[in-house]
Amino acid sequence: MKEPPIPADEDQRLCRLITLGVLDTGSESVLDSFTDLAASLTGHPIALVSLVDRERQWMKSAVGVPQGFQTPRTISFCGHAIASPEEIFEVEDALLDERFRDNPLVTGEPHVRHYAGAPLVMPGGERIGTLCVIGPTPGRLDEKERLLLARLSRSVVEVLLLRERNQDLDARLRAEQALRESEASFRAIANAVPQIIWSARPDGTVLFLNERWCAFTGMAADRLDDQTWMQVLHPEDLNRTLTAWHHSLAVGSAFECEYRLRHHSGDYRWVLEVCKHLLFTD
């Protein structure tokens, strides 16, 4: 028996397989329809969507063996198929092929004699597995069957890519929901405390002012604009406060400054502001 060779792009191939997020997942009807079609149109009792992991081949979809069935990669036919440049890797009689004649899958269940596999080729060229058909007697696919198997393998890839995109979308939606919930929680807490709490961009654009700020200044939250907060600073404190703000941004330090803030009564009252800069990167 000859073990399958390791493809030159093995690390990239495994990385792509893992990022698909399909290993060790349950059966999916759309993929099962491809294995059913491959088996019925070629007359083979076994058809598989086989994914070749680092040390195993694992069956995402299967006819003739259980879904989720796996074997060591060292004895896999599909391991040879993904390392071959052929569009269809075919073994007409495994008992006559020195690479496979003493393979446990040939000498024992499922007694493979005929194997034909079309690699699942990702857009980047990575061959992550195969759509294959297996029979217990010697055989050879005709040209029509080979064309069918190749086309079905490309359809499997399209389904896997669509599945991946949907997973990415679901993850983004969950992240956005978590962000909304976190923001709602922050606003609820910020509005419950007796201190003034606010947030702004580095350029001073106001993002949030809590209810205490509005109550203190007498300014309605729905009438605030980017420069409103400057209007309620004492004119004599404005330049000093802005200078301290820009300095803290430049050196990355916390902002701490005392200044006079106009109360809704019209009087100015001294406040101590302590601010932490949060830096975000994409």
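Quick one: length gained pulling LEU272 to LEU207 fully straight, 0.36 nm per residue minus the C-alpha distance? It would help to have the intermediate numbers written out before the result.
On the way: separation 65, 0.36 × 65 = 23.40 nm, distance 2.00 nm.
This chain segment gains 21.4 nm when fully extended.
Based on the alpha-carbon gyration tensor of the range 76-229 and its eigenvalue square roots a ≥ b ≥ c, which shape applies: rounded if a/c is under 1.5, prolate if not and a/b is larger than b/c, or oblate? Walk me through the intermediate numbers first.
Details: a/c = 5.81, a/b = 4.30, b/c = 1.35.
Note, shape of the range 76-229 comes out prolate.
To the nearest 20 debye, what charge dipole does the chain have about its Cα centre, counting +1 at the Cβ of each Lys and Arg and -1 at the Cβ of each Asp and Glu?
The calculation lands at about 400 debye.
Show me the ranking of peptides 65-73, 239-247 by mean Cβ neighbours inside 10 Å, starting with the highest. If you can, show how the numbers build up before the last one.
Values: 65-73: 15.6, 239-247: 13.9.
By packing density, highest mean first, the sequence is 65-73, 239-247.
For the pair GLU10 and ASP36, the difference between a 0.36 nm per residue extended length and the Cα-Cα distance amounts to 6.4 nm.
Once you reduce the range 146-223 and the range 66-113 to the center of their Cα atoms, the two points are 48 Å from each other. Were the residues from SER265 through TRP198 laid out at 0.36 nm apart, the gain over their Cα-Cα distance would be 22.0 nm.
The residues of the chain expose on average 56 square angstrom of accessible surface per residue, using a 1.4 Å probe on protein heavy atoms. On the beta carbon distance between ILE18 and THR137, with R0 = 41 Å, the FRET formula returns roughly 0.65.
Helix 10-20 axis versus longest C-alpha principal axis of the chain: approximately 60°, rounded to the nearest ten. Summing charges over neighbours of ARG260, with a neighbour being any other residue whose Cβ is under 15 Å away from its Cβ, gives -2 when K and R count +1 and D and E count -1.
Let a ≥ b ≥ c be the square roots of the eigenvalues of the Cα gyration tensor of the range 1-54; is it rounded (a/c under 1.5), or, if not, prolate (a/b larger than b/c) or oblate?
Values: a/c = 2.97, a/b = 1.44, b/c = 2.07.
Oblate shape, in that a/c is at least 1.5 and b/c is the bigger or equal ratio.
Among 137-145, 14-22, 180-188, 43-51, how do they line up by average Cβ neighbours within 10 Å per residue, starting with the highest?
In decreasing order of mean packing, 137-145, 14-22, 180-188, 43-51 become 43-51, 14-22, 137-145, 180-188.
At R0 = 51 Å, how high is the FRET efficiency between SER155 and VAL251 if r is their beta carbon distance? Nearest 0.05 is fine. Numbers along the way, then the final one.
Details: r = 58 Å, r/R0 = 1.13.
It comes to 0.30.
Solvent-accessible area assigned to carbon and sulfur over the chain amounts to 54 percent, based on a 1.4 Å probe. Compute the Cα gyration tensor for the range 39-135, then decide on rounded, prolate or oblate, letting a ≥ b ≥ c be the square roots of its eigenvalues: rounded whenever a/c is under 1.5, prolate when a/b is larger than b/c in the other cases, and oblate in all that remain. Since a/c stays below 1.5, the shape of the range 39-135 is classed as rounded. Counted over the chain, the DSSP beta bridges are approximately 100% antiparallel.
The values are calculated or read from the model by the stated rules, or taken from the named source; none is laboratory data. What you see is a predicted model; the values in this text were computed from it and never measured. Please note: Cβ atoms are built from the backbone with ideal geometry, for glycine as well, and neighbour counts cover all protein chains shown. The protein model used for the area step is the full one, side chains on, heavy atoms only, and it has no ligands, DNA or RNA in it. Shrake-Rupley method; radii C 1.70, N 1.55, O 1.52, S 1.80 Å.
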